[in-house]
1. Any chance you could run the full-extension gain for SER493 through ALA124? It's 0.36 nm times the residue separation minus the Cα-Cα distance, nm to one decimal.
2. Lys and Arg at +1, Asp and Glu at -1: add these up for the other residues within a Cβ distance under 14 Å of CYS424 and post the number.
3. Evaluate E = 1/(1 + (r/R0)^6) for ARG393 and TYR31, where r is the Cβ-Cβ distance and R0 equals 25 Å; express this FRET efficiency to the nearest 0.05.
4. Give me the extension gain from ASP417 to LYS186: residue separation times 0.36 nm, minus the current Cα-Cα distance, reported in nm with one decimal.
5. Rounded to the nearest 500 deg cm²/dmol, what is the calculated helix-only ellipticity per residue at 222 nm for the chain, with -39500 (n - 2.57) per DSSP H run of length n ≥ 4?
6. In sequence order, what are the phi-derived ³J(HN,Hα) couplings for segment 410-416 according to the Karplus relation 6.51 cos²θ - 1.76 cosθ + 1.60 with θ = phi - 60°, rounded to whole Hz, with x for glycine and proline?
7. Report for the chain the percent antiparallel among DSSP-assigned beta bridges with both residues inside it, nearest 5.
8. Out of residues 5 or more away from THR254 or on other chains, whose amide H comes under 5 Å of its own, with H placed 1.01 Å from N in the peptide plane?
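The values are calculated or read from the model by the stated rules, or taken from the named source; none is laboratory data. All of these numbers come straight from a predicted model, not from anything done at the bench. Because the Cβ atoms are built from the backbone with ideal geometry, glycine has one as well, and the counts that use them run over all protein chains shown. Each accessible area value is taken on the protein alone, full model and side chains, heavy atoms only, with ligands, DNA and RNA left out. Shrake-Rupley method; radii C 1.70, N 1.55, O 1.52, S 1.80 Å.
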Amino acid sequence: MGHDEWVAQRESGIDALGAGIDRVTQWAQSYLRSLADRDVRTDVEWGEVLKGIEQSPPMEGCSIESIEGLIQEADNEFVERLVHWQSPRFFAYFPCSSSVPAILGELMSAVLNVNGMLWSTSPACTELEVRVMDWCAQMFGLDDGFRFDRSEKGGGCIQGTASEAVVAALVAARRRCTSRGVDRSKVTVYTSDQAHSSVVKAAMVCGLADDAEDRSRVRVIETDAELRMDSVALERSMRADIEAGLVPMMVVATVGTTSTGAVDPLGSIADVIGEVGGHKAWLHVDAAWAGAAAVCPEHRGMMEGVERADSVCINPHKWLLTNFDCDLFWVRDRDVLVDSMSITPAYLRDKASESGVVDYRDWHIALGRRMRSLKLWMVIRCFGIEGLREHIRGHVQLAQRVERWVEQNSRVELACDRMLGLVCFRVLGDSGLTSELVERINARGRVMITHSTVPIGEGRAQESIARVSVGTPGVGEADIDTLIEELEEVLDSLC
Ligand code: PLP
C-alpha cells in the first residue's frame, strides 16, 4: 500500500470512528448493566487466554470497517476471563472507582493524545492540571502550602499511582539532603510495619535497599495495638541512627493502611522529626485510599498533622469515581522535587520554560504525560463537591451494615474498628478458618473479598483477617445483602 492510500484509509477510519464508538458504547452499556447479574470472577487456568490468541501477530490487518468483529472477539475472549472490578459485589483490595464523566474524559484524552511534558507542548494540559490540583487541595481541606495559587513553592501533579508518588517523594527528600551537604550513602528511610509495600519498593528502586528484606537503610517501625506507627519506636530508631552517623532522610506515614485502614499519628510523627534534630527528615503522607474521604468535612480529622508534611498523595482512582490511573501528589517545595529529576537536553530547551511556567516533565519519572486532568475535571464538574460527599457517605453507611452484621454474628468478630468503607473481621475458633472463609467465598465467585494478616492481640502474633472494602460505584443495599448471604452460607459449611 502506498502512503497516500494509507492516509486515505486513515481518513475513512475517522469516518468509521462514529460507528466504532457507537458499537463500543453499546458494548459498554451492556457490559456495565450485566455486572448486576455476573459473578465477580470465574476460575481461569493459566494459559487459557493465551491459547485463544495467535502466537504471531497478523501480517494483514482486518480494516477499520470490520472493527466490530474485533470488539465482539475481545468481549468473547477476554472480558469473560477478567475479574470484574466494577461489579457492585467487588469488595476486595481497595476497589477501582469509575463513572461516566471519568470514562468520557478518558476517551477525550485518548482522542487528543497530547503529550504535556512541557507547558508549551500543550498549554491547556498543564494549566488544567495546575487548577485541578488546587481544586482538589481545597476539596480535601489541605492547607495553602500545597497550592500553586496560595503559596510560593507548593503545588501538585497527577502521577499514575501512589507507588510512583512515593518514589518522587523519596528522590526529592534525598535531593534536599544532598543539597545541604549530606552524604547520600548515609541516608535512612522510616515507615511502619503496616505501610504499603510500595514504600520499601521505592527504597529498592532508589538504591537504598537491595531487596525487600534489606534493612541496612530502611527502618520498618513497629505499630501499636491499633496498628498505627509507634512514634516512640520511631524516635528511638531515628536517634539510634543519628548516633551511628546516619542521616534520617524521610518518614512515610500512612492515613488508611491497606490491611486495616489504620491512621498513623501524623502530629506525633512530625513532633519526632522536629525533636530528633540534625537534618530535618521529609514527611510523606500516603493517603492513597482513605484520603478521598477527606472530601467530607466529618472525615478530615484523620488528616490532622498533614499541614506539617512535605508531601502527600491521594488516589481518586481508588475511591473518587475517577478511573485508573490517577494519583494526586502534592509537595510543599516544588523546586526541590523538580531539581531532583531535572535534566534538560537541547531538544527540551524552551523559552517558555525559562520564563518560569510549570513544566511537569520533571515532577515524575517519565518524560511524557497524558492529559489525566481532563477526566478528573469532568468528574468534579459533573458531581460537584456535594455529589462526591454523597458518594463517600453512601459507601460508609453500607460498610456500617457489614459492621453491624459482624457485631451481631456469634461466629465472627471485628478484628479492629471499621475505618470508613473498610470492615475487617475474623472467624472465631481455629486460626485457619478466616483464610478458608475468604478462599471459599472467592471460589464461589458471587462476591469477592480479601485476606490479610496483621499483628493483633497480646502477643502481636500475625493473625488472619478478612477484609470487606465497600467502594465500587454501583454498590447498593442489595449487594450487601448478597455479601451477607454468601458469608452466612460459607460460615454454615465451615463452622
Ligand atoms: N498506599 C496504600 C495505602 C495502598 O492501599 C495502596 C494500594 O492499595 C498503595 C499505596 C499503592 O497504590 P498504587 O496502586 O496507586 O501504587
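1. Values: separation 369, 0.36 × 369 = 132.84 nm, distance 5.81 nm.
That pair, SER493 and ALA124, stretches by 127.0 nm at full extension.
2. On the way: positive: ARG418, ARG426, ARG467; negative: GLU226, GLU403, GLU407, GLU413, ASP417, GLU463.
Here the count lands on -3.
3. Numbers: r = 28 Å, r/R0 = 1.10.
According to the calculation, E is roughly 0.35.
4. Details: separation 231, 0.36 × 231 = 83.16 nm, distance 3.91 nm.
Here the answer is 79.3 nm.
5. Values: 15 runs with 209 residues, N = 495.
My calculation for the chain gives -13500 deg cm²/dmol from helical runs alone.
6. So the Karplus estimates, Gly and Pro as x, are 7, 9, 9, 9, 5, 7, 6 Hz.
7. Numbers: 26 of 43 bridges.
Taking every DSSP beta bridge with both residues in the chain, the antiparallel ones total about 60 percent.
8. ASP264, ASP286
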